[in-house]
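Everything below concerns the one structure shown next.
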Amino acid sequence: MGEVNTFIQAVPLEYFIILSSVLFSLGVMGVLIRKNAIIILGCVELMLNSVNLLLAAFSSYKGDGNGQILVFFIMVVAAAEVAVGLAIIAMLYRNTKSVDISIFNKLRG
């Protein structure tokens, strides 16, 4: 664990912030632009992982393990989100034979 912390601390914290910001921005753009539900789920995962990266970096630099515990909670929430999301997409595909989210407008009662 000590070697990992020294490796992470060898990289300036600003680099982690920049990389995390870029990954989060790409995720937001993917959610807003794309219409494929599976790609949107992937973009949400990208946003969650960018937050995980930032939490792990701050936790390592601060020398506190609380950020790494939060990363595990985020991973659990992400796994639950993917399970529910894939179930919804499977039902959508079963009924419409497409994963395009614009079809959701037609599902109004």
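The values are calculated or read from the model by the stated rules, or taken from the named source; none is laboratory data. This structure is a prediction, so every number in the text was calculated from the model and none was measured. Neighbour counts are summed over all protein chains in view; Cβ atoms, including those assigned to glycine, are modelled from backbone coordinates with ideal geometry. Note: accessible area is taken over every heavy atom of the protein model, side chains too, but ligands, DNA and RNA are not part of it. Shrake-Rupley method; radii C 1.70, N 1.55, O 1.52, S 1.80 Å.
Table for the structure above
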{"read-out": "Most to least packed among 77-87, 49-59, 31-41 [average Cβ atoms within 10 Å]", "value": "49-59, 31-41, 77-87"}
{"read-out": "Å² of accessible area per residue within the chain, as computed with a 1.4 Å probe and no ligands counted", "value": "68"}
{"read-out": "With every protein chain in place, segment 14-85: carbon and sulfur % of accessible area (1.4 Å)", "value": "78"}
{"read-out": "On Cα atoms only, tilt of 37-62 relative to the major axis of the chain in degrees", "value": "10"}
{"read-out": "Where a label projected 7 Å from the Cα of Thr6 along Cα→Cβ would reach, residues of segment 49-87 with amide N under 18 Å", "value": "60-64"}
{"read-out": "Within straight-line cross-link reach of Lys35, lysines at Cα separation under 21 Å, skipping those fewer than 8 residues along the same chain", "value": "Lys97, Lys106"}
{"read-out": "Spherically averaged projected area of segment 4-96 from its Cα convex hull (nm²)", "value": "6.3"}
